[in-house]
Structures are given as C-alpha cells and as structure tokens.
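My questions will all concern the structure given below.
The values are calculated or read from the model by the stated rules, or taken from the named source; none is laboratory data. Bear in mind the structure is a predicted one, so any value in this text is a computation, not a measurement. Cβ atoms come from the backbone with ideal geometry, glycine included; neighbour counts cover every protein chain shown.
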Amino acid sequence: MPPTERLYYQDSHLIEFEARVIANSERVSGWTAVTLDRTAFYPTGGGQPSDTGTLNGLRVVECIDDTEEGVLHVIQGRAPEVGTVVKGRIDWLRRLDHMQQHTGQHILSQAFVKLFNAPTHSFRVLDESCEIDVDLDTPSNEAIERAVELANNVIWENRLITIRQVTSQEASELPLRKEPAREGDLRVIEIEGFDLTPCGGTHAYQTGEVGMIAVRSWERAKGLARIEFVAGMRALADYRRANQSARATAGIFSAALADTPDLAARMIEENKQLHRRVRSLEEIAARVEAEELLVKATTGHDNVRIVSELFDNRDAESLKHLALSLINHPETIALLGSRDKDAARLIFARYADAPGDMNALMRDACAMLDGRGGGKPDMAQGGGKSVERLSEAIETAAKQLR
Ligand SMILES: [Zn+2]
C-alpha cells in the first residue's frame, strides 16, 4: 500500500479536498479508522494535536500517524467503502489555532537562541496555552520579556515562511536551529532571515498570521525554564479573561486597574493589624466579662466556683480567652460552650489547684454532642454536631462537680 500523500505538506491552508478510501479498519465498537490515498488532515505529532473535521459529512474526531498504515482518520459510524471517493473538510479555526501556536513556537524558540543562545528542548500545545522548555542559564522576567519582544517584532514584520525540501547533505550545510529527528531528505521551514528548522508540521504563510505572542508564566523545571505562552487567538482569549478578572477586582475597590495590586496589598496588611488589635481587645474584654460571670457562679465540691455559660456564634479562640481569664481566679472552674447553625463547641478549664478532671468531663460531653474532644486534666476542648444538646452537656458536667 503506497503511503498517504500528505497534502498539508504542500499547503497548510487547504481545507477541502477529495481522496479515495484505501482501507478501513474497525478499532473499537462503533469507531473506524479510515485510510485515504491523500489527506489534508494533520495527524497528532511534533507537540501539535491533530486536525478534526469531516469525511463525507462524518465527524473525524482524531487523526493518528501510523508509520505502517499512514494517516488514520478516526470516525464514528458506518465508514465509506474502500475505493469510493470522499470529500474531506478540515475544521479551519482549529487548524489556524494550531498553526498560530506552532509557528509562534518556531519564532519564540529562535528568539531565545538569538538573544541568549538558549535552545528549546520540548514543546507542547495544551488546552488553553502552550509550553516550551528552554535551556536558559539565568531565566528572569526581563530576559523572557526581551525574547517575547523580539518574537513579536518578527511577527509584525510579516516575514515570509517557506518550505524547502533538502537532502541530508544540503541540510548539514544549513544553520539549522535543531538537529533533524530523522535521516534522509528533510523538510525545512524557513522564516525569512530569522529561522531554519526541520519540521513536518503546519505553518503560517507569513509571520503576521501568528498575530502576537505573550508569556503567561514561567518556572524552573528539571534545570530548564518551563515557559507557558499563548499565540494568536489564544492570546486574545487570554487577554479577555485576564481583563475581565482585573476589571472585576478593580470594581470591588472602585479603583483604576493599575491601582488594585497596591490597594489589595494594603488591605491585607490593614486586615492583619486589625486582627491583632481585635485579639488584644478581646483579652481585655474577657477579663471584664470574667468578673461579671463570677458573680453568677455556683458552688461545687470544696467550695470551688463553677461558671457555666452558653454563647451564640463565639469562635474557639474567643472562648479560650474567656476561659483563661476565668481560671486566673483561684478555685474557679469554667464550663463554656458556643453554638452556631450546625456546630457546637466547648471548653472546660480549671484553676491549677481546683478539683476535677476536665479531660474526662469533656469526653462525656462530646459523646452527648456526637462529636470529639479532649485535652488535659486542667483544660480540654471539643465539639460536635448535636447543637440542641449543648446546654444539657454543660449542665451534666456541672452536676458532676457539685
Ligand atoms: Zn514546525
């Protein structure tokens, strides 16, 4: 069987073609791989996902490069008979997107070579962006932005992109950006006066078609700089998302976009200070509150004072402040609880020399609340889900001490 003639090698903008079916093979139930004598569909390879489209109106969901069988077009449904002529159609926006990312990658990778002599080790087209791993000695925002600027200048100069078929002998005399991955005759992609790279992918006619390139983020990975970038339509989509998010944030601050990072940083700093201030005021308030509660205390064994109190919506830290203020007073035991909509919390604490095992009392109380808790003989904390039994749990603990 002769290999599939790859029409995309000659013309990356060909989206409609006719071809003859030369083989059909059912892969898994309902899915068939169709082989044609010629195709404009690009199969997955070289970091670039495959084209999708239709064959006689049937959806082509993926194309696979099979070294023995040629380009396999995966379709669902009844496959056209071997020998028939079918009409193929490529999803153009997907092809254009892939060409923009892929051609953009040639340009950006060469920009890193020109500026920093830093070769690209790998390239991947992801769902929303692309990644390259660049051997950049000292990656920094400034270095990467310099490469992005050079790449965009090359894009806007709208340089011609041509395909050269060369022998391996001719290739060895060309200043190729990377070593050919295979032996024999080579397909070399030339970006006028800028880049020469052996490649079997689909590329723009001229650099202007790439639109623009932007780097979203970068990080160090395995000794290389992993750079996430977007080109063409993806750059516009990314700008829209970023702009929407920036405007929503600026709206919250009623401020200009450029002012929001400083405002947000200042607000977080103020929030930290306020938090500290609230905690120190709580300690003062807890001392005053403790004095008031002591007046209502009941008396237990050995004349110990028992303060039992139930609050609404009081957080664990605030309850603890109050308990600590109470047990600052000699011969005092604090049995404190707080409830909100779906949780009950408890703290039991006693003055150092007062009687009673707070840990044991807490375990019993938590069992009533269908929860968990514990601690030491002089202080224990816990909680549970049975909010409605909180009052009963505190009263039961108080009874044991009387
Ligand atoms: Zn390429």
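What number of residues within the stretch 245-270 are more than 26 Å from the chain's Cα centre (by Cα) and surrounded by 10 or more Cβ atoms within 10 Å (Cβ to Cβ)?
Residues of the stretch 245-270 that are more than 26 Å from the chain's Cα centre (by Cα), as a first pass: 254-256, 266, 269-270.
Checking which are surrounded by 10 or more Cβ atoms within 10 Å (Cβ to Cβ) leaves us with 255, 266, 269-270.
So the count comes out to 4.
For the stretch 161-180, which residues satisfy the criterion of being farther than 17 Å from residue 9 by Cα and either surrounded by fewer than 16 Cβ atoms within 10 Å (Cβ to Cβ) or of a type in the set (A, V, I, L, M, F, W, C) (or both)? Outline the logic, then answer.
We begin by selecting, within the stretch 161-180, every residue farther than 17 Å from residue 9 by Cα; these are 168-179.
Within the stretch 161-180, 168, 169, 170, 171, 172, 173, 174, 175, 176, 178, 179 qualify.
Kindly state which strands (runs of 3 or more DSSP E) lie completely within the stretch 1-73 and contain at least 2 residues that are among the small types (Gly, Ala, Ser) and more than 17 Å from residue 199 (Cβ to Cβ).
On the way: elements: 16-26, 31-36, 53-55, 58-66.
Strands (runs of 3 or more DSSP E) meeting the threshold: 16-26.
Hey, among the residues in the stretch 87-110 that are charged (D, E, K, R) and assigned to a helix (DSSP H, G or I), which one's surrounded by the fewest Cβ atoms within 10 Å (Cβ to Cβ)?
Ranking the candidates gives 94 first.
Could you grab me the full set of residues in the stretch 185-194 that are in contact (Cβ under 8 Å) with a residue 24 or more places away in the chain and either more than 10 Å from the ligand (Cβ to nearest atom) or of a type outside the set (D, E, K, R) (or both)? Talk me through it step by step, then tell me what you get.
Going through the stretch 185-194, the residues in contact (Cβ under 8 Å) with a residue 24 or more places away in the chain turn out to be 187-194.
Scanning the stretch 185-194 gives 188, 189, 190, 191, 192, 193, 194.
So is residue 70 surrounded by 13 or more Cβ atoms within 10 Å (Cβ to Cβ) and of a type outside the set (A, V, I, L, M, F, W, C) or not?
Working: surrounded by 13 or more Cβ atoms within 10 Å (Cβ to Cβ): yes; of a type outside the set (A, V, I, L, M, F, W, C): yes.
Yes: the conditions hold for residue 70.
Which numbered condition trips up residue 197, out of (1) polar (S, T, N, Q); (2) touching a Leu at 6+ places or on another chain (Cβ under 8 Å); (3) closer than 23 Å to residue 45 by Cβ; (4) more than 12 Å from the ligand (Cβ to nearest atom)?
(4)
Follow-up question, since we're still on this one. Given the residues 354, 343, which is the only one that is aliphatic (A, V, I, L, M) and within 22 Å of residue 294 (Cβ to Cβ)?
Values: 343 fails: within 22 Å of residue 294 (Cβ to Cβ).
After applying the criteria, what remains is 354.
Across the stretch 237-285, what is the number of residues that are closer than 25 Å to residue 128 by Cβ and part of a loop (DSSP other than H, G, I, E, B)?
Residues meeting the conditions: 0.
Determine which single condition residue 155 fails, assuming it passes every other condition in (1) buried (at least 19 other Cβ atoms within 10 Å of the Cβ); (2) modelled with pLDDT of 95 or more; (3) part of a loop (DSSP other than H, G, I, E, B).
Going through the list (1) buried (at least 19 other Cβ atoms within 10 Å of the Cβ); (2) modelled with pLDDT of 95 or more; (3) part of a loop (DSSP other than H, G, I, E, B), residue 155 breaks only (3).
Looking at this structure, is residue 295 more than 22 Å from residue 383 (Cβ to Cβ), in the same structural domain as residue 394 (by TED's automatic domain parsing) and surrounded by 19 or more Cβ atoms within 10 Å (Cβ to Cβ)?
Details: more than 22 Å from residue 383 (Cβ to Cβ): yes; in the same structural domain as residue 394 (by TED's automatic domain parsing): yes; surrounded by 19 or more Cβ atoms within 10 Å (Cβ to Cβ): no.
Here the answer is no, as residue 295 does not meet what is asked.
Which of the residues that make up the stretch 154-193 are of a type in the set (D, E, K, R), more than 22 Å from residue 205 (Cα to Cα) and under 36 Å from the mean Cα position of the chain (by Cα)?
179, 182
If I ask for residues that are more than 16 Å from the ligand (Cβ to nearest atom) and not in a loop (DSSP other than H, G, I, E, B), which ones from the stretch 113-136 would you list?
From the stretch 113-136, those more than 16 Å from the ligand (Cβ to nearest atom) are 114-118, 126-129, 133-136; that's our starting set.
Listed by number, the residues that qualify are 114, 115, 116, 133, 134.
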